[in-house]
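Inspection log for the structure reproduced underneath, given as structure tokens.
Any read-out appearing in this document is the output of simple, stated calculations on the displayed coordinates, not a laboratory observation. Owing to the predicted nature of the structure, the values given are computational and were not obtained by experimental measurement. Cβ atoms come from the backbone with ideal geometry, glycine included; neighbour counts cover every protein chain shown.
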């Protein structure tokens, strides 16, 4: 048993509206969860408030908190709200339009007026420096110090608060970027400098530059924020060093986060998927679709063999960021999606959303347009019990009025209109999720839908039916999965070296040496920067492609094969990976290695979740409530989630209400509460 | 519409999901990088009558909305379960528009009854013929553009037709790639069939059938609602391609757009006769041919992005396509580079609609830059390298809503470039510059988007550059409402040196070690009088290096000294500009103005009337002879008079007695 000093592990996820807390008690193996309102104006205050409530409600005393992780949207919000610092970009002369040109393609190519968002560094603050690095890493022209001095002068005149240095072919040889950065530091020590080759050193100038720009744009703000959080924790008497969750699904020290903030842009979202994969794994579903539905949008991620899928190029406010991240796709459907009728009388739901403010009509905050949540209220699923810590009273009459405005022109009863809104919303979600399933090659028959967020459990059964999924999992604490994910995550960092080699026997020694160098960096990161003392774990991979292809396939490489210079096995691994992804491979074709990658992992102690014994017999419903389903009102059982015990069984149709969400158990589904209090719903196939 | 409005929306979502699934299956399994990177493919679900009613939302080529399979479908006698049919012949059924596009379709049966087809196409990199990749402007007959397969069964009741496949693969340069891509497309057909069966199970076969028709009706009604917002009237516009053949005369597309209530007629009488180069557009005279409707679809979708994109959209519109013209060539005219022709059709349509909706639409989109391909040798390895360098693109035209997008946009917004670093790592060339071209955007209150420009050096002898779709040197993207035309595109060898060569619209050139090549597209047209652009904004453009100090003064009347505006000089210069401004709607390049001074609308009417008397196979030749005579006989700045035209025509007949026989075989 752990000593009293290390009793609690606390995960916190700070979102735009709410901050979620998840505290794991090593003594009782219980998880306590709560939410408080976020205080974006005074970061850190919500953490203190949450810690206070944890102590008050669950007797979690701050000095007993031995482990503290934390995810935040502060980076994303800085980009979305355009509140980053005033940056200048130093670019290679004659290539200064890299951000304006991008990769050319517009977001909606059918619309003549489609445009990308304005670059975070407008052109007037892009300043050329004279130098040129060749693609083989030799200098074509040295750095012209005078041009750098002029650039610094101009940057100052333009009121720069930071400089991004991103030069052509720096992925191959960063010497020029470093030289320019050193000059800037000497000439303008007050300005922070960010080099593209240090933020994430990939080939492709736009991708590398835009990533460095996002990094520089948010860094000072994120750093300040993390500083005040660390201070707040110290003041509250928490002994643990704060960790922050990263886009790659791992954690790092907050101290590191202040430097590497590009790594934590998708902090909360990624942690949510980690939490989801943990829950799915515990419940026996290594393959799952994580479905997190909020007010405006739904985040979808795929979990395979217990592992989330990773990718690069996630979009943030219209800007791509090329940092290895848990792949999460946002679709424009949520509880606040507004139902409307087009001029031909066809009913639509979304993408416009009532958001948090005014929110659905039934929240009584001034919204008067029908939303998906209002449809659920009219149908009788929502509004049966008070939503506890959201402090929201459901006004069913307001929902009926809002839905009624559509019912009349549709020639329907209010219930029929609500049912139509639900069915159309679900078919829209089906369209978006099935796109992703076919892109990833996901077979619906061996995947479960893991539903969370305020509106996920409401829609999950209906969506599962459309998608042909048999199983739905609703976690015990669906509102705080990101906070939970932070408790599960390992220390983890990605390292990359672009080598651009033809895969031939002669390349083997340099591949081996580069991996050794990456491993050394990984070891240093874990040991020196994270203070990790355990056994380090390394995963090696390479981004490879057939010569002539314009994209790479990440291929896992075996450490022993790297040591043995076994290039044939690298090629075999690539052919196999290509076959798996695209259903064909070309073993005779020449292969190129573009990047070598290494993931360094320091395993953190995991909370020891233990299953409770399952009790026999069904759960007792709280009462029966009238729900409109299948064209008529019928009495269905209402259960309260906190009264359900492991082993309890539920037969759909039924409603399970809990503090932060409502679960609609559709006709044809049977549910069971497992030993971890997750609710597993299953339907028999056709 | 017979299916209720709620079910219809749900049905629409399920059909879209089926199309999306097919598209992603194809993208994931296609062999050639080309299909995956350029997304040059279509996929969809088609009614038994051949009308596409469902397709993916944002994947695939943007030019084929509502593709009509009707004629091609009817060229197969009988359909059975498991059949997959194929064609790539631009003259059989007019669904395929050039030979590299391989179209497949598969009938879907329910209870023995045909309920729909699933269909799609991919652009193969090569289908044989005279040149690698099968496409060149210089080709004159479709026979030179590779193997052509009229509608035939690739699979019969699920059995592969190996004979047909062998014939196909024997005739192409990279058979494995073609077969790999074909397999992927066939797999997508099978996926589509399975998804259709799922939809039928969920909705019932009657709803499926009626729903498909209803979706077409729905799109038609949406289109009619948008068209109703467009003021009734006739709107004439002509646009040109610089050359109708290598070094030839301009090729003219003329459109009389007639908007009448909810209906539109596109009358292309007045467009040039079919060309002895491959820019022709094979429509078969189909009055709703998909390539002739791309411009309309863009306009409708831009005016209302909620419209469904299917074959119903264009039902209330029709085209008049004179036989033997660029827009309805007679077999065996070459059609491989119909993309250049189609882009010009679009700009012509945009010009006509801009007059009807000047507050909502844009000035001429930039363009004319090539798809650039380099074949060279790596001096270190001796390996021959062939690579697609970036498409050289240009921005959108300005509009009341603001400046055109820089570097790319409007109807070219689907293009993707190749990064400089990839080009340099893959191809032994050095890129000296890749940027937005200063002063290239047409001046205007709202400026036209800038063109991109690339300069590079090659290091090996016998380096061949292919620059497909070069255009817009002479006839540049037009401005509207006082806005100026975009700057010309450029293709220059060794710029600024004593051996500089202007390559004009050349599409293939061989260069030597050390040679430097610069290519720039033509910028978008401007909107509104440039002297009305706030001077601060012009100064901002100067600071962004989008406009030069000289350009600011010349094009915008903004006089800049040091880093600030000379208010007094600016006011003076701007007053002059405003006083000298004409009232014309369009702002054209000086070259176009000069050209149209000679070749007026009236002269063209006469010319086309004469050419119309001749047999189709004489017209292109005759056009060139008449141009020669007329241009010799007419002074600069003078209209081509009726007499000059008559004399040229008489001379043509006199020199070609065979033509006389052809005109009057009896004599």
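For this structure, a couple of remarks:
- Separation of alpha-carbon centers, the range A:6-51 and the range B:29-54, rounded to whole Å: 49
- In the range B:5-222, inverting the average of 1/r over every pair of distinct C-alpha atoms gives 17.4 Å as the Kirkwood radius.
- Site pair residue A:413 and residue B:228 shows an inter-label distance of 3.4 nm when each label is modelled 7 Å from Cα along Cα→Cβ.
- Both the radius of gyration and Dmax for chain A are 26.5, 82 Å, in that order, over alpha-carbon atoms.
- MRE, 222 nm, helices only [DSSP H, n ≥ 4, -39500 (n - 2.57), over chain A, to nearest 500]: -10000 deg cm²/dmol
- 222 nm mean residue ellipticity, helices alone, for chain B (DSSP H n ≥ 4; -39,500 (n - 2.57); rounded to 500): -11000 deg cm²/dmol
- Taking N as the residue count of the range B:599-663, its C-alpha radius of gyration divided by 2.2 N^0.38 Å amounts to 1.06.
- Once divided by 2.2 N^0.38 Å, the Cα radius of gyration of the range B:58-100 becomes 1.30.
- Residue B:661 paired with residue A:136, simple spin-label distance in nm, labels 7 Å along Cα-to-beta-carbon: 6.6
- Which of A:251, A:60, A:396, A:480 has the fewest Cβ neighbours within 10 Å, and the rest in rising order: A:396, A:60, A:480, A:251
- Contact order relative to length of the range A:80-221, as percent, for alpha carbon pairs under 8 angstrom and 6 or more apart: 29
- Stretching the chain fully between residue A:27 and residue A:616 yields a gain of 209.4 nm (0.36 nm per residue, less the alpha carbon separation).
- Here chain B is treated as an ellipsoid with the same Cα gyration tensor; its semi-axes, largest first and in whole Å, are 40, 29, 29.
- Across chain B, Cα pairs under 8 Å and at least six residues apart give a relative contact order of 10 percent.
- Shielding by partners - mean other protein chain Cβ count within 10 Å, residues of B:422-432: 4
- Among A:255, A:46, the ranking by other beta carbons within 10 Å of each residue's beta carbon, starting with the fewest, stands as A:255, A:46.
- Just so you know, the Rg over Rh for the range B:1-100 is 0.99, from Cα atoms, with Rh as the Kirkwood radius.
- Residues residue A:309 and residue A:83, FRET efficiency given R0 of 35 Å [Cβ-Cβ distance, rounded to 0.05]: 0.70
- When the P(r) is computed for the range A:80-221, the part past 25 Å accounts for 23% of the Cα-Cα pairs.
- Cα-only Debye scattering, the range A:491-602: base-10 log of I(q)/I(0) at q = 0.12, 0.13, 0.16 Å⁻¹: -0.42, -0.49, -0.70
- Taking 7 Å steps out from each Cα toward its Cβ at residue B:617 and residue A:228 produces label points 8.3 nm apart.
- Mean Cα-pair separation over length for chain A, i.e. relative contact order, pairs under 8 Å, 6 or more apart, %: 12
- Relative counts (whole %) of C-alpha pair distances in the range B:111-224, using bins that are 10 Å wide: 11, 31, 25, 21, 11, 0
- Exposure proxy for B:84, A:214: other Cβ atoms within 10 Å of each Cβ, ordered fewest to most, give B:84, A:214.
- Förster radius 41 Å - calculated FRET efficiency between residue A:42 and residue A:512, Cβ distance, rounded to 0.05: 0.20
- Spread over its residues, the convex hull of the C-alpha atoms of the range B:374-533 is 106 Å³ per residue.
- In this structure, residue B:498 and residue B:141 have a Cβ-Cβ separation that, at R0 = 60 Å, corresponds to a calculated FRET efficiency of about 0.90.
- The protein assembly as shown, Cα convex hull volume normalised per residue, Å³: 190
- Cα-Cα P(r), the range A:623-683, percent of pairs per 10 Å interval: 23, 56, 19, 2
- Extension gain (nm, one decimal) between residue A:108 and residue A:624, 0.36 nm per residue minus Cα-Cα: 180.9 nm
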